[in-house]
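Nothing in this text is a laboratory measurement; each read-out follows from the coordinates by a stated rule. As the structure is a prediction and not an experimental result, all values here were calculated from the model. Quick reminder, even Gly has a Cβ in these numbers, built from the backbone with ideal geometry, and neighbours come from all protein chains shown.
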Amino acid sequence: MAYFIIIRGALGIGKTTIAKRLAKKLKAEYISIDFVLEKNDLDKVDERLGCISAKNFIKCNKIVIPKITEFLEKDKIVVIDGCFYHKEQIEDLLKKLKFKNFVFTLKAPLDICFKRDSKRKKFYGEKAAKEVFKLVSKFDYGTVIDTENKSEEEVVEEILKQLPTVK
């Protein structure tokens, strides 16, 4: 059964690690919204907004939707990870992809997100972590998972329990 999964949350929360582990366990395709934004020069912060605009995220959706649709039509599961701090971006994907879907919001305190971010090769810094945390925290979408005292594997297992069993 084909469906797609959105993993959203703050910078440093562990979205990419969780999404990649999940994709591997499900033998699913993996798509990074951050990678697509960067590759297509859509990752520029709009100074008026203090973040990447919803318009750029919708442009990103237009780029990824054909590939996601192709995978889903081939009965593949797709795991998508990104901050998804604009509700419009999520709703645009859900509206345009007429397939079963699951959205998970990963949460942890800001200090944990910052600490995790600081250990990465591509470190975004405290200011970026605070700004993205604030934006993502404006709303929850889908199933909320607190990652604070859980291992990556425990988070993946918690997500798997919410999904249809794979045959």
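General remarks:
- Extension gain, Y124 to D75, is 14.0 nm, computed as 0.36 nm per intervening residue step minus the present C-alpha separation.
- Neighbour-count order for Y124, Y85, Y30, fewest beta carbons within 10 angstrom listed first: Y124, Y30, Y85
- Distance between the pseudo-spin-label points of E47 and S151 (7 Å out from Cα toward the beta carbon): 4.8 nm.
- A simple spin-label model places the labels of L94 and K115 3.3 nm from each other, with each point 7 Å out along Cα-to-Cβ.
- This ranking places V36, V144 by how few other beta-carbon atoms lie within 10 Å of each, fewest first, which gives V144, V36.
- The fewest-to-most ranking of V79, V64 by surrounding Cβ atoms within 10 Å reads V64, V79.
- Links that overshoot a 18 Å alpha carbon limit, given the list K55/K100; K15/K150; K95/K134; K20/K138; K59/K130; K15/K122: K55/K100; K95/K134; K20/K138; K59/K130
- In plain terms, the C-alpha convex hull of the stretch 1-86 casts an average shadow of 5.5 nm² when viewed from every direction.
- Percent of Cα-Cα distances greater than 25 Å, calculated over the stretch 3-160: 25
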